[in-house]
Amino acid sequence: MRKKLLLGNWKMNKTLPEAIEFAKGTKEISDLAKKNKVDMGVACPYIDLYAVKKIVKKHLIVASQNVSKDDHGAFTGEVSIPMLKSINIDWSIIGHSERRAYDAETSEKCNAKILALLNNNMTPVYCCGESLETFEAGKTKEFIKEQIITGLNGVKAEDMPRVVIAYEPIWSIGTGKNASKEIAEDICSYIRKLVHDLYGSKVSNHVRILYGGSVKPNNIKEYLSEKDIDGALVGGASLSLTDFKGLLTSIL
Ligand code: PEP
């Protein structure tokens, strides 16, 4: 009932020629995804968005990795929602742990961006996840609860079906140290329960929750077999066409 979603996150990788080459090679993958009713896409650096979108059109989701909450103004280095919309980009990752760590992105700041995206009929992919220290202290759930409640503050129930949530334990991102499928499912089902407590079962049954953290073609299937994991947010293994295709074929 919930459509699977595989979203690559290129982070700060791929020059424009590299991004174009990748995009040109995705037709077979996107056809296969469509045939099997899987949503697939990539979150690109700003510089690559226009060209990638022009090539893949509607066949793949193309997302930014961040966006400003403000429409315009004196915010050097920022990119706004109207700018994204002008090149037909309507998805954005919000609150990736790298931005939380290096750019002081708090859940309050994420919330303002999520509300701005939803007001513009766009789709936020809201990332949450705990540090190794929090995990080892057994405080994952209380940490995640704060991120979810603050991040979704003021989001209307009717906008929730467009929200995607990605659970990404920081200790498993780019480290090759995966959370087990049991841990991933435990937290993803907890997030669904939080959404249920906030919005009821119609919304919580609908909202897509992804797992992210060292997902590869050889381990993706175990995560996606879990009942509350609807897809994956994938960094390293979204950079080559071979791996990108492998993520899809591994779950078919
Ligand atoms: C990510 O960038 O969100 C991510 C999960 O990275 P990786 O798959 O490389 O761990």
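Below, the figures for the structure above:
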item	result
Candidates Ile165, Ile87, Ile144, ranked by Gaussian network fluctuation over the chain, Cα under 10 Å, top entry	Ile87
Listed peptides 147-157, 115-125 by packing density, highest first (mean Cβ within 10 Å)	115-125, 147-157
Cα-projected label distance for Ser189 with Asn36, points at 7 Å along beta-carbon direction, nm	2.5
Linear extension gain, Lys85 paired with Lys141, 0.36 nm per residue minus alpha-carbon span	16.6 nm
Within a Gaussian network of the chain (alpha carbon springs, distance under 10 Å), most fluctuating of Lys37, Lys221, Lys113	Lys37
Values of log10 I(q)/I(0), in the order q = 0.10, 0.12, 0.14 Å⁻¹, for the chain under a Debye, Cα-only, solvent-free model	-0.43, -0.64, -0.90
Nitroxide proxy distance, nm - points 7 Å out along Cα→Cβ at Asn153 and Asn13	3.5
Extended-chain gain in nm, criterion 0.36 nm per residue less alpha-carbon gap, Glu78 and Asn121	13.5 nm
Calculated over the stretch 1-135: convex hull of Cα atoms, volume per residue (Å³)	135
Of Lys4/Lys85; Lys27/Lys156; Lys113/Lys139; Lys113/Lys145; Lys3/Lys216, those spanning more than 28 Å from alpha-carbon to alpha-carbon	Lys27/Lys156
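Here, each number is a calculation from the coordinates, and none is a lab measurement. Everything quoted here is computed from the prediction, not taken from an experiment. Every residue, glycine as well, gets a Cβ built from its backbone with ideal geometry; the counts of neighbours run over all protein chains shown.
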